[in-house]
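Input: a single structure, listed below in structure tokens.
The values are calculated or read from the model by the stated rules, or taken from the named source; none is laboratory data. Predicted, not measured: the structure shown is a model, and the values here were computed from it. No Cβ is skipped: glycine too gets one built from the backbone with ideal geometry, and neighbour counts run over all protein chains shown. Ligands, DNA and RNA are stripped out before the accessible areas are found, and what is left, the full protein with its side chains, is counted by its heavy atoms. Shrake-Rupley method; radii C 1.70, N 1.55, O 1.52, S 1.80 Å.
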Amino acid sequence: MFDMLDSLFWLKIFFASLALCLFSALLVLNRKVPLAYVRIHAKIIALPPLAALAALITANPGQAEASWRLDSLAWLIALFVLTIGFIVQRYSVRYLFGDRSYRKFFVLLTLTTGGASCAWLNDDLRWLLLCWGITLLGLTALIGLNSAWQAAKNAALYAGRIFALSWLAIAAAALWLSLSTGHWRLSSAIAEESLVQLSSWEKTGIGLLVILTVMIPAAQWPFHRWLLDSAIAPTPVSAVMHAGLVNVGGVMLTRFAPMFSGDVLQLILLVPAVLSVLLGTGMMIVQTDYKRQLAASTVAQMGFMLVQCALGAYIAAVIHLILHGLFKAALFLQAGSAVRRYESFASKPGRPALFWNMIGGVFALALVIGIWASATDDGYQLISALVLGWALFIAWRQLVTANYGRVTRIAGLFILTGASLAFAIIHSVLHGLLKDAVVQGAEPPAMAAVLTAVVLLAGSAAGALIVRQRFAWSGALYLRLVKTGEPHFESVEERPNYLDQYLTQGGRQS
């Protein structure tokens, strides 16, 4: 009971701090308030994540009264979303200074992250629809923040239409589920005694609507173009998209997990997810625009997150969305200073590089065999072992092989070891927080996991051949990926044409 009171107390503090942040953002919107107040606002928005952190520490794995679902998953997502929102707003105080939409940006960002952070704190499906609708509307407005730029307006219009489809899908799923089970509370509607009331076609229909809901914001094929279009938005907007927006699928599928356990829906989800992993990776390889490289990488990463969900590894999916969101948001924020470097030995490694690559390959293979041999749930662990082994090999090449001299390679080895230990610690902490709040789903047939692993490995090999262009088919595939990875024509301009009116006005004045 003490924990329950603590959770409700921190919930009140959390909502009070969110209300204060929204009021502060409205003050920023008021042109009578000096712009210097933005710096004060950027400090006020630190309050909600602090409240979420305090609530997470005292979180109860169960549910509180009045339909609030104050478990560690809900508070962890709220903390994650608001932390990225806080960082992005602090970053934007100087980055966007002088922009015509400077004041409006802080209001929209506060509203968007506030809606995304609240979506999972309540067990009522109507609350989910409200918060998710606010989030999608805010994200659409942020993409079209520069309303004077026609290309940005076109990108926002396309994103708004496809986001509306996502919201209508979850609204239809929520209404269908509620009418069939008699419950608006999600935990009651997907309880075993409620699910038995659903016929097989009803369960499949509701599940397909949920899958459609998560595929659209996750930019999964064939809905990936909106994310490529959104590269036209300011860089802070691209960063904040990873704050529980594009990666919301992991949380939503986790909440709806009982509907997918041991069902054909897992196999249905697996198909577009695997295709998106391959497509996103291919688009990332052939893209020349840095922000669109990151967007294509997100398509692949979100596909892998949905693969984790399809294999019943919901805890792994939630950890993935948090770590990937933090990492990708950081990459977007430093996109302006990104310089790609080509090392001479990368294409033609000499004997020392080849020797060190072989050592890294042995370590990666040992990791794969060790994880797989010690696994209890063979399906997901097979894919996880292959991904971790490949990641170790790539990191080894960048931190050890790429260095010259014994000292620098030893330093790279220490950095790699430290990063691996940090990952293991963070993974262990997050797993401990989520194990009581997230129910692991049933695994699909083992053959599905094996085929997924084979397809991913084949795609990785094909990617290497595409880069080297040694075969006629690889050149054709390269061009196809270039075309697939292009945004809509209406969302691209050689230069911001809306600046012409200011140039014309300046010429007249002179």
Report summary line: All conditions in (1) modelled with pLDDT under 85; (2) crowded, with 21+ Cβ neighbours inside 10 Å; (3) closer than 27 Å to residue 334 by Cβ are true of residue 311 except (3)
Query raised in the report: Taking residue 446, is it more than 23 Å from the chain's Cα centre (by Cα) and modelled with pLDDT under 65?
Result: yes
Query raised in the report: Between residues in the range 421-448 that are closer than 20 Å to residue 53 by Cβ and residues that are at pLDDT 80 or above and charged (D, E, K, R), which pairs lie under 8 Å by C-beta distance while being six or more apart or on different chains?
Result: 436/71; 437/71
Query raised in the report: Taking residue 219, is it open to solvent by 10 Å² or more (accessible area, probe 1.4 Å), in contact with a helix residue (DSSP H, G or I) (Cβ under 6 Å, 6 or more places away or on another chain) and closer than 30 Å to residue 88 by Cβ?
Result: no
Report summary line: Selection from the range 83-106 of residues free of Cβ contacts under 8 Å to residues at least 60 places away in the same chain, among the hydrophobic types (A, V, I, L, M, F, W, C) and open to solvent by less than 30 Å² (accessible area, probe 1.4 Å) yields 93
Query raised in the report: Say we look at the range 134-152 and pick out the residues that are part of a helix (DSSP H, G or I) and surrounded by fewer than 18 Cβ atoms within 10 Å (Cβ to Cβ); which of these is modelled with the highest pLDDT?
Result: 134
Report summary line: residue 365 vs (1) surrounded by 14 or more Cβ atoms within 10 Å (Cβ to Cβ); (2) within 25 Å of residue 274 (Cα to Cα); (3) at pLDDT 75 or above: all pass except (1)
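Return yes or no: is residue 82 closer than 15 Å to residue 19 by Cα and part of a helix (DSSP H, G or I)?
Details: closer than 15 Å to residue 19 by Cα: yes; part of a helix (DSSP H, G or I): yes.
In short, yes.
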Query raised in the report: Take the residues of the range 17-29 that are open to solvent by 40 Å² or more (accessible area, probe 1.4 Å) and touching a helix residue (DSSP H, G or I) at 6+ places or on another chain (Cβ under 8 Å): which is farthest from residue 100 (Cα to Cα)?
Result: 20
Requested in this report: Please work out which one of (1) under 24 Å from residue 279 (Cα atoms); (2) surrounded by fewer than 22 Cβ atoms within 10 Å (Cβ to Cβ) is the condition residue 164 fails and give its number.
Outcome: (1)
Query raised in the report: Taking interchain pairs and intrachain pairs at least six residues apart, which have beta carbon atoms under 6 angstrom, with the first residue in the range 141-170 and under 22 Å from residue 209 (Cβ atoms) and the second open to solvent by less than 20 Å² (accessible area, probe 1.4 Å) and hydroxyl-bearing (Ser, Thr, Tyr)?
Result: 166/213; 169/213; 170/213
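Restricting attention to helices (runs of 4 or more DSSP H) lying wholly within the range 242-299, give those where 3 or more residues are open to solvent by 10 Å² or more (accessible area, probe 1.4 Å). If you could, list the steps in order and put the result at the bottom.
Values: elements: 248-255, 257-260, 264-286.
Of the helices (runs of 4 or more DSSP H) lying wholly inside the range 242-299, those with at least 3 residues that are open to solvent by 10 Å² or more (accessible area, probe 1.4 Å) span 264-286.
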Query - Top-ranked residue of the range 107-124 - restricted to ones that are modelled with pLDDT under 90 and out of contact with any Cys (no Cβ under 9 Å at 6 or more places or on another chain), ranked as most open to solvent (accessible area, probe 1.4 Å) - result: 124
